Amino acid sequence: MRPDKPIVALVGRPNVGKSTLFNRLVGRRIAIVEDLPGTTRDRLYANAEWGGVSFLVVDTGGLTAIESDKGSPAQRTRGQGGSPPPIGQTAGVESGLFLKEMRRQAYIAIEEADVVIFLVDVEAGLTPDDQEIANVLRRSRKPVLLAVNKADSARRSAEAVEFYALGLGEPIAISALHGLGVGDLLDRLVEELASSSAQVVEEAAAQECPQIAIVGRPNVGKSSLLNRLLGQDRIIVSEVPGTTRDAIDTVLQFAGQPVVLIDTAGIRRRGKIQPGVEKHSVLRTMKAINRADVCLLILDARDVVTTQDQHIAGYILEEAKSVVVVVNKWDAVNKNAHTMQQYTQRIRSVLGFMDYVPVLFVSALTGQRVHQVLEVALQVWKERRYRISTSDLNQLVQDAVARHPPKSRTGRQLRFYYATQPEVDPPTFIFFVNDPELVHFSYQRYLENRIRELYHFTGTPLRMVFRGHAKSENKS
């Protein structure tokens, strides 16, 4: 699905400052910025606004000439002079392995863009790769703004005229890092958007849009699942763990409902997380979980459940997010009539505190049962937002206490006066009692189970709050 906003794509060679400009345009640090070519690989989207005009900005991986991909992976990752780059001076896993994929992602961004900002580097000067990219942009027939980055002095701004040779119009000298000239660039951008047929009036009342994060350990198939759900290669897929760096939002329509899917970097064990780019990626993933409504916790069927899966599930639960457990790579498992049941029992045993969570068995590779993922996730989202009327909730509590009265503690009996559900997302229940300290954990779990028996709240944690009531103040 195409969003109802014009799209602006940032393209250019690796390490010319696209992610820095991206962060500058959207007004916050979303894209990971490191002084290493190849840090950005997938298309990264975010909202931006200038002069009252809203648009989507797309950050892309660096474009290089076709010749750059020739040779073995080892040769492609060597530095100048044929020597290997120093350890720590590449963008994590071997960036050379992804040059073709990065270029393909950039081409897709150009194809869907309404305006392209072509970023070049005044320090490096005009390069053959810049010429090649300019040829690609001319063939695309898309409006192009030529931004000459790192022009943070009068001398460098004057040197920007060299890029007239690209034949893409007047170069706009900017410094993405310091913000110099970015306002002029945005003024030109708004003019282009206004003059193109792509400018769309945003709906006054936007539909509620569930945000669904795809999370899990590295290399369990998160990006493959997203690509299968979208029906296109939206994200670079590789067998090398750590390919996805940023939390990437994708909007689609499913059964008439707009949905935001958030692909995230894999979360490794804390002791295995490397400083720099990977550490930033994990922080982005944590933030993605925090802003999601529903998390798809992806497991690898070949590993069943690992300790790290438990840690990730625990973090999701700490954030009170709804969950669907998706067991991927089901096609790689030797099965009989009881295998699925055995796996389910194993998962529920290890993730026992999440026994209300649905478990799906899919194959992103073959598409097996993938259609169920969004169906279940949206149902979980709807139940997350369900509110029980106060009268029905109090009747439920009254019946639950009558069926199984709480045991007295230290000679005192727990009494319930009133219950209400003041919030959804997540569902929050407040119980007014004579003394909150009399509420044993087992009785809290009993009340939660009674609520779930009648109202399910599938996949969604419930917040249970117990407060003292004024009626009990004058009673011992």
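The values are calculated or read from the model by the stated rules, or taken from the named source; none is laboratory data. Here the structure is a predicted model, which means the values were calculated and not measured. Please note: Cβ atoms are built from the backbone with ideal geometry, for glycine as well, and neighbour counts cover all protein chains shown. Side chains included, ligands, DNA and RNA excluded: accessible areas come from the protein's heavy atoms. Shrake-Rupley method; radii C 1.70, N 1.55, O 1.52, S 1.80 Å.
If you check 403, 409 for being loosely packed, with under 15 Cβ neighbours inside 10 Å and at pLDDT 95 or above, only one passes: 403. Residues in segment 451-461: is at least one without any contact (Cβ under 8 Å) to a residue 24 or more places away in the chain and under 28 Å from residue 361 (Cα atoms)? Within segment 451-461, one or more residues are without any contact (Cβ under 8 Å) to a residue 24 or more places away in the chain and under 28 Å from residue 361 (Cα atoms). With the condition kept exactly as written, say whether any residue in segment 390-398 is touching a Gly at 6+ places or on another chain (Cβ under 9 Å) and either over 21 Å from residue 451 (Cβ atoms) or surrounded by 13 or more Cβ atoms within 10 Å (Cβ to Cβ) (or both). No, segment 390-398 contains no residue that is touching a Gly at 6+ places or on another chain (Cβ under 9 Å) and either over 21 Å from residue 451 (Cβ atoms) or surrounded by 13 or more Cβ atoms within 10 Å (Cβ to Cβ) (or both). Of all residues in segment 1-46, those being modelled with pLDDT of 80 or more and under 23 Å from residue 192 (Cβ atoms) number 21. Within segment 443-461, the set of residues being surrounded by fewer than 18 Cβ atoms within 10 Å (Cβ to Cβ) and hydrophobic (A, V, I, L, M, F, W, C) comprises just one member, 454. Determine, yes or no, whether residue 416 is among the hydrophobic types (A, V, I, L, M, F, W, C) and more than 39 Å from the chain's Cα centre (by Cα). When the stated conditions are applied, residue 416 passes them. Inspect all residues belonging to segment 191-214 and state whether any of them is of a type in the set (A, V, I, L, M, F, W, C), surrounded by 13 or more Cβ atoms within 10 Å (Cβ to Cβ), at pLDDT below 90 and part of a helix (DSSP H, G or I). Yes: one or more hits.
Within segment 338-362, being open to solvent by 80 Å² or more (accessible area, probe 1.4 Å) and assigned to a loop (DSSP other than H, G, I, E, B) holds for 338, 355. Annotation: of all residues in segment 363-374 being touching a residue at least 60 places away in the same chain (Cβ under 8 Å) and touching a strand residue (DSSP E or B) at 6+ places or on another chain (Cβ under 9 Å), the one that is surrounded by the most Cβ atoms within 10 Å (Cβ to Cβ) is 364. In summary, residue 363 fulfils each of the numbered conditions (1) farther than 19 Å from residue 325 by Cβ; (2) at pLDDT 95 or above; (3) of a type in the set (Ser, Thr, Tyr) with the single exception of condition (1).
If you go through segment 288-317 and keep only what is among the charged types (D, E, K, R) and within 14 Å of residue 225 (Cβ to Cβ), you end up with just 300. Set side by side, the residues 263, 246, 233 differ, and just one is of a type outside the set (A, V, I, L, M, F, W, C), at pLDDT below 80 and crowded, with 20+ Cβ neighbours inside 10 Å, which is 246.
Can you find a residue that is at pLDDT below 85 and open to solvent by less than 50 Å² (accessible area, probe 1.4 Å) anywhere in segment 167-183? No; the residues of segment 167-183 include none that is at pLDDT below 85 and open to solvent by less than 50 Å² (accessible area, probe 1.4 Å). When residue 416 is tested against (1) under 25 Å from residue 323 (Cβ atoms); (2) surrounded by 14 or more Cβ atoms within 10 Å (Cβ to Cβ); (3) aromatic (Phe, Trp, Tyr), just one condition goes unmet, and that condition is (1).
Scanning segment 126-163 for residues that are closer than 18 Å to residue 14 by Cα and open to solvent by 10 Å² or more (accessible area, probe 1.4 Å) gives 126, 127, 128, 129, 131, 132, 135, 136, 150.
Out of 366, 410, 390, one residue alone is among the hydroxyl-bearing types (Ser, Thr, Tyr) and over 22 Å from residue 436 (Cβ atoms). It is 366.
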